[in-house]
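One structure follows; several queries about it will come next.
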Amino acid sequence: MKKIRLALGFLTIIPVHGSEPYIPGDIGRAAGWFPWIGALIGLFVAGMYYGLAQVFSPILAVVLSIAAWIAITGGLHLDGMADSCDGLLNASNKERRLEIMKDSRLGTFGGIGLILMILIKLACLYSLPLNSLWFVLPLATGLGRWLLLWAGKQPLARINGMGVDFASGINGKVFIIGGMAILLLGALAGYMAGWRSLVAVGLTHLLAWLIFKTAKLRLGGMTGDIFGMIVELSEVTTMMIFCFTP
């Protein structure tokens, strides 16, 4: 239960408290539950949208649901997405890019990236049929947090901080627990929507690999902000695949 509470408290704003002391690496050891918590976030958003769509216009229901989505996660990954855009797209050296990403101020690239990310999510949610919400959104949010486990095994740009603590706790058991969630979510989405599920899983993993390589080239390794970027891009990529109309 300690690991589940840690995962829930880290990924959402839900207040969870336990009497057990925190041991270095605990958040990494709790990461196996990240995809499961991610799936619950997706179900929460699906329920919000489905309920709101019964009483409001579709566009208003979408906007309110996205607002609830941002609220339940505390905007954690969107903040990382914005900082990553500011840093990765800067033309200076690695050290300067890392300084920019630590700066709490929002730059031009970050602002543009943040706006575009929210708009794409709005458009995707608006485009999804209501009956697909229950498997598309949990898959999207689950995949995004599953890829955090793989991100934690990549070289880090800094020698201290939460990324180091997170990486130190990740082990084989974490991947087994998290992988079970992705197998379940992928199988459900595959049963309901066919080939799109397989494409979503494959494409998000490819996208994460490209981000790993870009972070290594531009920053010297991963940072917490890049973790957030992976979550956001994985979510919208998955949603876009299920919006695809050949």
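Quick one: what are the phi-derived ³J(HN,Hα) couplings along the stretch 229-238, Karplus 6.51/-1.76/1.60 with θ = phi - 60°, whole Hz, x for glycine and proline?
Along the stretch 229-238, the couplings run 4, 4, 4, 5, 5, 5, 4, 6, 4, 4 Hz.
Turning to a different aspect of this structure: In the stretch 1-152, what percent of the accessible surface is made up of carbon and sulfur (1.4 Å probe, ligands and nucleic acids excluded)?
Result for the stretch 1-152: 70 percent of the exposed heavy-atom area is carbon or sulfur.
While we're here: Just to confirm, what accessible area per residue do you get for the chain at 1.4 Å probe, in whole Å²?
48 Å²
So who's got an amide H within less than 5 Å of the one on L156, skipping anything under 5 residues away but keeping other chains? H placed 1.01 Å off N, in plane.
Sorted by chain and number, the residues that satisfy this are M222.
Do the alpha carbons of any pairs in K121/K153; K102/K213; K102/K173; K102/K153; K3/K121; K94/K213 sit beyond 26 Å of each other, and which pairs?
From K121/K153; K102/K213; K102/K173; K102/K153; K3/K121; K94/K213, over 26 Å: K121/K153; K102/K173; K3/K121.
What is the gain in length, in nm to one decimal, between I115 and N93 on full extension, counting 0.36 nm per residue of separation less the C-alpha to C-alpha distance?
Taking I115 through N93 to full extension adds about 5.3 nm, to one decimal.
Take the alpha carbon gyration tensor of the stretch 108-169, find the square roots of its eigenvalues, order them as a ≥ b ≥ c, and report rounded if a/c is under 1.5; if not, report prolate when a/b exceeds b/c, else oblate.
oblate
What trypsin sites (Lys or Arg not before Pro) in the stretch 37-110 are in a loop by DSSP, with at most 13 other Cβ atoms within 10 Å of the Cβ?
Answer by residue number: R105.
Where the centre of each part is set by its Cα atoms, how far does the stretch 173-238 sit from the stretch 20-40, in angstrom?
17 Å
The values are calculated or read from the model by the stated rules, or taken from the named source; none is laboratory data. Note that the coordinates shown come from a computational prediction; the quantities given were computed from them, not determined experimentally. Positions of Cβ are backbone-derived with ideal geometry, glycine not excepted, and every protein chain shown enters the neighbour counts. The accessibility values were calculated without ligands, DNA or RNA, using every heavy atom of the protein model including side chains. Shrake-Rupley method; radii C 1.70, N 1.55, O 1.52, S 1.80 Å.
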